[in-house]
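The values are calculated or read from the model by the stated rules, or taken from the named source; none is laboratory data. Being a predicted model, the structure only gives us computed values, none of them experimental. Counting neighbours? That spans all protein chains shown, and the Cβs are built from the backbone with ideal geometry, glycine included. Only protein heavy atoms, including side chains, enter the accessible area calculation; ligands, DNA and RNA are left aside. Shrake-Rupley method; radii C 1.70, N 1.55, O 1.52, S 1.80 Å.
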Amino acid sequence: MSIPRRQFLKTAGFGIAAMAAGPAHAWESKAPDDPLGCLVDVTRCIGCRKCELACNQVNKLPEPETPFEDMRVLDAKRRPTAGAYTVVNRYYPGALDERGQLSPTFVKIQCMHCQDPACVSACVTGALSKKENGTVHYDASRCIGCRYCMVACPFEIPAYDFHDPLTPQVRKCTFCLERLEDGKMPGCASICPTEAITFGRRSVLMRLARERIEGDPARYENHVYGEHEAGGTSWLYIAGQPLAKLGFPAVPDEPLPRRSETIQHALFSYLWSPAALFATLALTMKTLSGSKKDKE
Amino acid sequence: MKTPTRIIPAMIAAAMILAMSVFLPDPATTAPETAKPLGPVEKIRTSLNPRPEGWAAPDHTAALERARAPREYVAKVRLEDPKLRQIRFKNLGLGVGDIKYSYMVLDSPLVNTFENLYGPARFMHSKHAASLGGDCALCHHASPEGADAGTDRLSETVACRSCHQESFNPDHPERIGLKAAYHQQCMGCHETMNRGPVDCVGCHAKRVPDHKELVKLPADPSPIEVTKECLRCHQQAGEDMIKSAHWLWKGPSPFTVEREKKVMSGKATDTMNNFCISLPSNWPRCTSCHAGYGWKDETFDFRDMTRVDCLVCHDTTDSYHKAPPAAGMPAPEVDLKFVAENVGKTNRNTCGNCHFQGGGGDAVKHADMCAVLRYPERNCDVHMGGYDFTCTDCHKAVNHKIRGRSTSLPVAEGSRTCEDCHTNRPHYGNGVLDFHLNKHTDAVACNTCHSPVYSKCKATKTWWDWSEAGDKARKPVKDKFGMEDYNWMKGGFEWKESKKPVYTWYNGYMERLLLGDPIRPDADAFWPGENPSAEAKRRMVATNITAPVGSIKDPSSKIFPFKLMDGIQPADAVNNYLLAPHLYPTSPDDATAYWKNLDWQKAFVDGMKAAGLPYSGEYKWVRTNMYWGIKHEVMPKDMALSCVQCHESLTGEKTCDRCHQDRRDMDFKKLTRTGTDFTKMLAQGRDVAELVNATDYIDFKALGYEGDPILKGGRFKKLPLGRVEP
């Protein structure tokens, strides 16, 4: 039995197209409807690092090497680490104050709690999950330490307990889940002296952000970072300068899992691709063995 | 495990004996470092100056109560253009005069949203309103809906926490919470106006965390072990401390004329006074107020930060104290571990333990500080007694350097004046009296009116005659204040209480006579053995050890109150400088200390050797004066001097028509005569009989005026319309 090569390719091509286009297999967002979130108004932040302190206390993180009052740590750009789930960085985007001095802008960074988190998508064991209240939750008991989440995160947030050889964990902002479940606010939002962090439902925060921008267009860049970035995040930012100047990565608006999961699903639904692969192999083998027989 | 408990004390005792034999080559001496006896001492943990039952600072307590009282939430507000709002308020006449509470403590439970890392901010409402020109709308930016200041005057300028309460209220997501409202409003304005603090500790005192778990000390540690434990975490504090005036007792003297560039002045080197005269050779006694351990002679190592005494300033238990003649070592009964586990911010007791005791006893030196200030009545000190201030609320420290200048000492680590908080237009109201009082502030220092008598709570020493010392047979007589007029070691004294200060022009700088500086060439003197009468001594031409700099012609000079410290002390008859005697016996076989041997010659030889100056061998007695500024113990405003107490010309006036043509509708007599009630003070037992009904409180002619400035014009101002009194 022989299938002409052209015929095979034709069939296979239609098959793939049918799988990809078939409505039963279209990618669907699993984002919660109106999650809790925080709006960080960078123009209100005074760089006091009290959010770092509150985060440290709530999450019982190790005491920092330099005290939280020591502002010299702002001299270097930092990323969140296994021991600090949120850090404040200082930027000089170029604005001058009245005395001609560069005026600083402070940016707090932490997990953005994406609506459709790439880390959740990449996690092979389900240790990471997006909760209905908006938190991207990490369950250490399920984690195998593959660190795919760290590779997947477009904001480079998850950190790893590299110093702990026995029970290392992936570490990142928990959105103070326990406090949220107790009806309290996240530590950083509670302690912030200027309400640079506003806590609430994402829809409310979006409205607030729009109101603030429209109410004072000279103060704000017309951009709510996190509205669309990575398909939308629970944490949102507004700032007085282009966010790219404040260390925010350019992230596509498309939910990151959409493309990867679409490709994956296209390839693996109904085990179509392995079936095709093995079918091809079988065919090849048969063809080869058949031609041998013919010779004999 | 019985053995170790018995062995440890034995080992400690053995170690101490060993240590002592190293420290003290001569075992017969009772050198200062033996403050810790060998036997067990019962440790004390109780306050040495317990807070009197029921003591409270009334203004502060009331402000706290107001801050904590809940308020009804204003859900709906009316916004208004700020400029139109300002004009509307001005048209209604709203201003500083409408302020109900001029002092606030921003301590609502609403602001404590996470945990109390900092103490509450004190807010001077009237001062802020006044320095903003009485523009209420600047802070009171919205009104409760329906309110109308036209009908209900204060209905639109409500407290911040009427509208700003809990954060993130889902019903009002745009309404920031109280904490953010305070911070955004205060810091925003301070930044825009480039005035006022924008850092945390500029407004809030940082709370010190509980050190009970943090401090790791053995039972009964040595003082130096305690310091080492402090330095384990606070290395920077140690590095800062050993550069501070409290440690070095010397430093830059920016406010001493002709010595501004001098960086080594101070008690440790060249400062003198007319109390116990000077430090060199008398270390162990004097240095019992040093913020360090063991400065017993000139060999003390000022680079060794393990000898810093952290506890003397940071004790919150009020059980820490130093043994008087032990070169700064703590008294043996102090439970150092207990004190170290309870460290905190400085307070009136920690500062006062030394500063109230200047001159070796309560209120001896300072006429504006005494032990009463630990828990004073409001009338005695309005800041401490009314508003519960600690010393460092004004004398703020940065890097262990403490703001404030002294009249008696050259070292200064910054400056602090009343005006820093109260502005140079401190009478905030918009009444006619405020207006006239504010015209005084360029020429008259605050305390001239606001602290009209010095030492009103405790008698201070005003005369010290060293020439009378040495008579062990003379019986001391107690004066009406219960103070002794004589001490065989020190000589004759005079004390004063509730006395009118001397007033002189002062621009914040002092002239200073330092060790080795010549006394006045025309100074009178008498010789040893001579015994002039008390009157003759008071007539002697005196040398000023300190004197304020200032002049009526200098716009930066103000009329400032001083206590004049007068006395007789020894001078070198040939070299014509003041002598530094060796007074305190540093050991039982000290053969030269005056307080042991009563031989002036030997005392001068050894004292001057320690001071590094030649002694000719001949001495004489000279009169010296020191001017001690009256800066503390400010009285409540209703006890300031009244107009007529200085301006005698007003006593006969019934209306304002001397200066103004219209006859104002006001009680002129009441206006000009309301002030310090010396009759009442007299009734309360203060020694102010001669001040009752005084109308010449300030001697204008002595200050360089032609006469009462109301009649003759001010120092820079002519009377209106060229009017001159006949």
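In the stretch A:242-265, which residues are open to solvent by 40 Å² or more (accessible area, probe 1.4 Å) and either assigned to a helix (DSSP H, G or I) or touching a Gly at 6+ places or on another chain (Cβ under 8 Å) (or both)?
Passing the criteria: A:Ala244, A:Lys245, A:Asp253, A:Glu254, A:Leu256, A:Arg258, A:Arg259, A:Ser260, A:Thr262, A:Ile263, A:Gln264, A:His265.
Filter the stretch B:176-188 for residues that are more than 7 Å from chain A (Cβ to nearest Cβ) and surrounded by 21 or more Cβ atoms within 10 Å (Cβ to Cβ); which is farthest from B:Asp135 (Cα to Cα)?
In this case the residue turns out to be B:Leu178.
Give me a count of the residues in the stretch A:207-221 that are open to solvent by less than 20 Å² (accessible area, probe 1.4 Å) and either within 8 Å of another protein chain (Cβ to nearest Cβ) or within 30 Å of A:Met150 (Cβ to Cβ) (or both).
2
Between B:Ala591, B:Ala603, B:Ala610, which is more than 24 Å from B:Leu564 (Cβ to Cβ), open to solvent by 20 Å² or more (accessible area, probe 1.4 Å) and touching a Pro at 6+ places or on another chain (Cβ under 8 Å)?
B:Ala610
What's the number of the only condition in (1) closer than 23 Å to B:Cys189 by Cα; (2) at pLDDT 95 or above; (3) away from chain B (no Cβ under 11 Å) that A:Leu96 fails to meet?
With (1) closer than 23 Å to B:Cys189 by Cα; (2) at pLDDT 95 or above; (3) away from chain B (no Cβ under 11 Å) applied to A:Leu96, the lone miss is (2).
Out of the residues in the stretch A:36-86 that are part of a helix (DSSP H, G or I), of a type in the set (D, E, K, R) and within 14 Å of chain B (Cβ to nearest Cβ), state the one that is nearest to the chain's Cα centre (by Cα).
Result: A:Glu52.
Report yes if A:Pro257 is touching a residue at least 40 places away in the same chain (Cβ under 8 Å) and within 14 Å of chain B (Cβ to nearest Cβ), otherwise no.
no
Anything in the stretch A:168-179 that is more than 12 Å from chain B (Cβ to nearest Cβ) and not basic (Lys, Arg)? List them, or say none.
Passing the criteria: A:Pro168, A:Gln169, A:Val170, A:Cys173, A:Thr174, A:Phe175, A:Leu177, A:Glu178.
Inspect the stretch B:645-659 for any residue being closer than 18 Å to B:Cys380 by Cα and either of a type in the set (Ser, Thr, Tyr) or not in a loop (DSSP other than H, G, I, E, B) (or both) and give the result as yes or no.
No, that holds for no residue.
Please go through the stretch B:293-315 and pick out each residue that is buried (at least 20 other Cβ atoms within 10 Å of the Cβ) and not in a strand (DSSP E or B).
B:Tyr293, B:Gly294, B:Trp295, B:Lys296, B:Met305, B:Arg307, B:Asp309, B:Cys310, B:Leu311, B:Val312, B:Cys313, B:His314
Residues checked against (1) modelled with pLDDT of 95 or more; (2) more than 14 Å from chain A (Cβ to nearest Cβ); (3) surrounded by fewer than 14 Cβ atoms within 10 Å (Cβ to Cβ):
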residue	(1), (2), (3)
B:Leu106	yes, no, no
B:Leu110	no, no, no
B:Thr113	no, no, no
B:Ala121	yes, no, no
B:Asp135	no, yes, no
B:Pro144	yes, yes, no
B:Glu191	no, no, no
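Keeping to the stretch B:354-377, report how many residues are out of contact with any His (no Cβ under 7 Å at 6 or more places or on another chain), under 25 Å from B:Gly54 (Cα atoms) and assigned to a loop (DSSP other than H, G, I, E, B).
7
Residue-by-condition table, conditions (1) surrounded by 21 or more Cβ atoms within 10 Å (Cβ to Cβ); (2) touching a helix residue (DSSP H, G or I) at 6+ places or on another chain (Cβ under 8 Å):
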{"site": "B:Ala326", "(1), (2)": "yes, yes"}
{"site": "B:Gln357", "(1), (2)": "no, yes"}
{"site": "B:Lys365", "(1), (2)": "yes, no"}
{"site": "B:Cys370", "(1), (2)": "yes, no"}
{"site": "B:Met384", "(1), (2)": "yes, yes"}
{"site": "B:Tyr387", "(1), (2)": "no, yes"}
{"site": "B:Val398", "(1), (2)": "no, no"}
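Return yes or no: is B:Phe493 of a type in the set (A, V, I, L, M, F, W, C) and at pLDDT below 95?
Considered against the rule, which asks whether it is of a type in the set (A, V, I, L, M, F, W, C) and at pLDDT below 95, B:Phe493 comes out as no.
Go through the stretch B:67-108 residue by residue and tally those that are within 20 Å of B:Cys200 (Cβ to Cβ) and out of contact with any Asp or Glu (no Cβ under 7 Å at 6 or more places or on another chain).
The qualifying residues number 5.
Let me spell it out: the conditions are (1) touching a residue at least 40 places away in the same chain (Cβ under 8 Å); (2) surrounded by 14 or more Cβ atoms within 10 Å (Cβ to Cβ), and B:Asp434 meets all of them except one. Which number is the exception?
Result: B:Asp434 fails condition (1) only.
Tell me, which helices (runs of 4 or more DSSP H) lie completely within the stretch B:101-216 with 3 or more residues that are closer than 30 Å to B:Thr317 by Cβ?
B:200-203
Yes or no: the stretch A:144-165 includes at least one residue that is within 14 Å of chain B (Cβ to nearest Cβ) and closer than 15 Å to A:Tyr85 by Cα.
Within the stretch A:144-165, not a single residue is within 14 Å of chain B (Cβ to nearest Cβ) and closer than 15 Å to A:Tyr85 by Cα.
Looking only at the stretch A:93-115, how many residues end up being in contact (Cβ under 8 Å) with a residue 60 or more places away in the chain, part of a loop (DSSP other than H, G, I, E, B) and open to solvent by 20 Å² or more (accessible area, probe 1.4 Å)?
Count: 3.
Exactly one condition in (1) buried (at least 16 other Cβ atoms within 10 Å of the Cβ); (2) of a type outside the set (S, T, N, Q); (3) within 14 Å of chain B (Cβ to nearest Cβ) is not met by A:Ala118; state its number.
Going through the list (1) buried (at least 16 other Cβ atoms within 10 Å of the Cβ); (2) of a type outside the set (S, T, N, Q); (3) within 14 Å of chain B (Cβ to nearest Cβ), A:Ala118 breaks only (3).
Yes or no: B:Cys286 open to solvent by 30 Å² or more (accessible area, probe 1.4 Å) and touching a His at 6+ places or on another chain (Cβ under 8 Å)?
No, not satisfied.
Report the residue count in the stretch A:188-206 for those that are small (Gly, Ala, Ser) and more than 7 Å from every other protein chain (Cβ to nearest Cβ).
3
Restricting to the stretch A:123-147, name every residue that is free of Cβ contacts under 8 Å to residues at least 60 places away in the same chain and assigned to a loop (DSSP other than H, G, I, E, B).
Residues satisfying the conditions are A:Cys123, A:Val124, A:Thr125, A:Gly126, A:Ala127, A:Asp139, A:Cys143, A:Ile144, A:Gly145, A:Cys146, A:Arg147.
Can you name every residue in the stretch B:656-678 that is exposed (fewer than 13 other Cβ atoms within 10 Å of the Cβ) and among the hydroxyl-bearing types (Ser, Thr, Tyr)?
None - no residue of the stretch B:656-678 is exposed (fewer than 13 other Cβ atoms within 10 Å of the Cβ) and among the hydroxyl-bearing types (Ser, Thr, Tyr), so the list stays empty.
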